[in-house]
Amino acid sequence: MAEIVKDYILDCLKSAFKKAGYDEELASVSYANNPNVADYQCNSCFALAKKYGERPDVCASKIIAEFDGQKKLEVELSKPAFINIKLTDAYLSKIANLVLEDEKNLVKMVEKPLKIVMDYGGANVAKELHIGHLRSPIIGEALYRLNKLLGNGVISDTHLGDWGLQMGLTVAQLEDDGYLEGYFNRGKNKEITLDTLNEEYPKASKRKEVDPKFREKAEAVTYNIQKGKEPYFTIYKDIRELSVKRIKQNYLTLGCHFDLWYGESSAYPYIDRCINIFKEKGLARESEGALVVDVAKEGENIPIERKSESEVQRYKNPMPPLIIKKHNDADVYATTDIATILMRNEQYAPDRILYIVDFRQDLQFERVFRACKKAGISPENQELIHIAYGTINGKDGHAFKTRSGETVKLEDIINMVKAKAEERLKENGIVDDPKLAMQIGIAALKYGDLSNVVYKDYIFDLDKFSSFEGKTGPYIQYTGARISSLLRKGNNDVGKINVELAEERNIVINLIKMYESFNVCYQENSLNSLCLSLYNLASAFSLFYNNVKVLSEKDEAKRRGYLGLSKMVLKALTLGLDVLGIEMPEKM
Ligand code: ARG
């Protein structure tokens, strides 16, 4: 049975408010300012005093007199008029035992489960994955797991970038370099590997800037692919397959999963219908040969460039229109995004669509969302949310680059964090355990990312992220591994938890906070508070472990209880890490 501490406190407060003659809606509860004297507190008495014309401390006393905490809670007046709330040892014991029984017992589920489509990953076919592709799958995977844990129905779709100019550029370059002769019945194909693509795309991309003829050709090829013309369409499909294999591998290493491996191209069958909806409703107009939709609202503003990532996006008038078809009738980024919304609505009818994409695409999404709302492609009550994340910077405060100033490849990052983990493991006497090193490396990477507020930039500091101490993924894993080792030594002889010591109290209070952080993260679509509370729980355990002799405790019931408490912490930490998409190793 689920036990939600904060809800219980609030219920007790409400009934005391009511009995004391006050509006129960004014009851509120928050964490205590001073954890040494209380666990929670109620600050409502000042507002009550105003409303009822009484002294705040009189209100507080009346409420305390009516308060019935059922041996779970104790209340006390704290000057001038706060109500301090403390959880009794009996209640803390009950909570700890509930988690020991089943770590999901403290999870507060959503009241009404939603159907959610999550759009993250977003790798581009034929291009190599780089550091810019790191945050979306990491954040997306964690939010996916969180939403599932809290009871929502979630479908993830990686929405590959597979319908744009990059495909045409790559194919045009391959053709020029004689790779595709077989497709045109002019001779034999040359073998195309991923390395070929990694060379040909950047080459084409540079070339298009200086060679207008080539650019035109690439645009024509793009058009031919989009219209399904052969042999371009077959070439496209072959390249896509090759590239997607590699993308899948990369995501798998990162521990990121997708229910759907759709791409921009999957929405192709929905494009014509979307365009017709705009035309029929009189929402589209021609502008310099292109088809555009006006999305500006009256009295509103075009985007003002943000000076920092924490600033809210503002707009100056008028917001530029959204192009939905190019002059040559080719599809653009917005075309496939709009069609994808129609497709998702027909296939799943989600209540909410979450896009985990770089903050630079803010304006793009804002306009796509508006266009879809205007056209009724997205129903009025459907939430379209862009979760905009910041940039990964180097220590110099600029986007993280290699020493020679190049973009860092995703695979290189993975190798770097793994190598760092191997170094650290060696210091602990563990060598030749590549699986473990990868688990730790990924933990360093993910926690280093997720511990930041999602929209903020952060500095990629591998040394810091990989440390076995402090606010890092490896520290939490390390705490878990220590508990596993303790349990092994104690023959897993686990008994009922009976909270008595300050160190035990501290653990359970931090445990409750960790569970509450799930709901905070859900509200904020950011995992930073879970990261912090996992750290606090792990620290609380370390304190207990340093101060209390567990295995040498003579009193059998106590020893078994300590082991129970340790196991309980392990279960909670494992659940928390699991939400972050981080594995808990048994040894480290
Ligand atoms: N492929 C895009 C990029 O690299 C990201 C896709 C984001 N999702 C979306 N539905 N537009 O920028």
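The values are calculated or read from the model by the stated rules, or taken from the named source; none is laboratory data. Bear in mind the structure is a predicted one, so any value in this text is a computation, not a measurement. Methodologically, a virtual Cβ is constructed for each residue, glycine included, from the backbone with ideal geometry; neighbour enumeration extends over all protein chains shown. Quick note on the areas: whole protein, heavy atoms, side chains included, nothing else; ligands and nucleic acids left out. Shrake-Rupley method; radii C 1.70, N 1.55, O 1.52, S 1.80 Å.
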- Query: Can you pull out the helices (runs of 4 or more DSSP H) entirely within segment 67-182 that have at least 1 residues that are free of Cβ contacts under 8 Å to residues at least 24 places away in the same chain, within 16 Å of the ligand (Cβ to nearest atom) and surrounded by 22 or more Cβ atoms within 10 Å (Cβ to Cβ)?
  - Reply: none
- Query: Taking residue 380 and the conditions (1) buried (at least 18 other Cβ atoms within 10 Å of the Cβ); (2) more than 23 Å from the chain's Cα centre (by Cα); (3) free of Cβ contacts under 8 Å to residues at least 60 places away in the same chain, which numbered condition does it fall short on, given that it satisfies the others?
  - Reply: (1)
- Query: How about segment 311-344: which of its residues are open to solvent by less than 10 Å² (accessible area, probe 1.4 Å) and within 16 Å of the ligand (Cβ to nearest atom)?
  - Reply: 322, 324, 334, 335, 336, 337, 338, 339, 340, 341, 343, 344
- Task: Please work out if residue 262 is under 30 Å from residue 439 (Cα atoms) and either aromatic (Phe, Trp, Tyr) or within 16 Å of the ligand (Cβ to nearest atom) (or both).
- Result: yes
- Selected residue [within 16 Å of the ligand (Cβ to nearest atom), among the aliphatic types (A, V, I, L, M) and open to solvent by less than 40 Å² (accessible area, probe 1.4 Å)] from 235, 271: 271
- Message: Considering only residues that are more than 21 Å from the chain's Cα centre (by Cα) and either of a type in the set (Lys, Arg) or near the ligand (Cβ under 10 Å from one of its atoms) (or both), which ones fall in segment 345-367?
- Response: 367
- Item | Positions within segment 383-394 being touching a residue at least 60 places away in the same chain (Cβ under 8 Å) and over 17 Å from residue 133 (Cα atoms), in sequence order | 385
- Note on the structure: Of the residues in segment 512-542, those that are touching a helix residue (DSSP H, G or I) at 6+ places or on another chain (Cβ under 6 Å) and small (Gly, Ala, Ser) number 5
- Message: If I ask for residues that are open to solvent by 30 Å² or more (accessible area, probe 1.4 Å) and free of Cβ contacts under 8 Å to residues at least 60 places away in the same chain, which ones from segment 494-523 would you list?
- Response: 501, 502, 503, 506, 520, 523
- Note on the structure: For segment 406-451, the count of residues that are in a loop (DSSP other than H, G, I, E, B) and open to solvent by 50 Å² or more (accessible area, probe 1.4 Å) equals 6
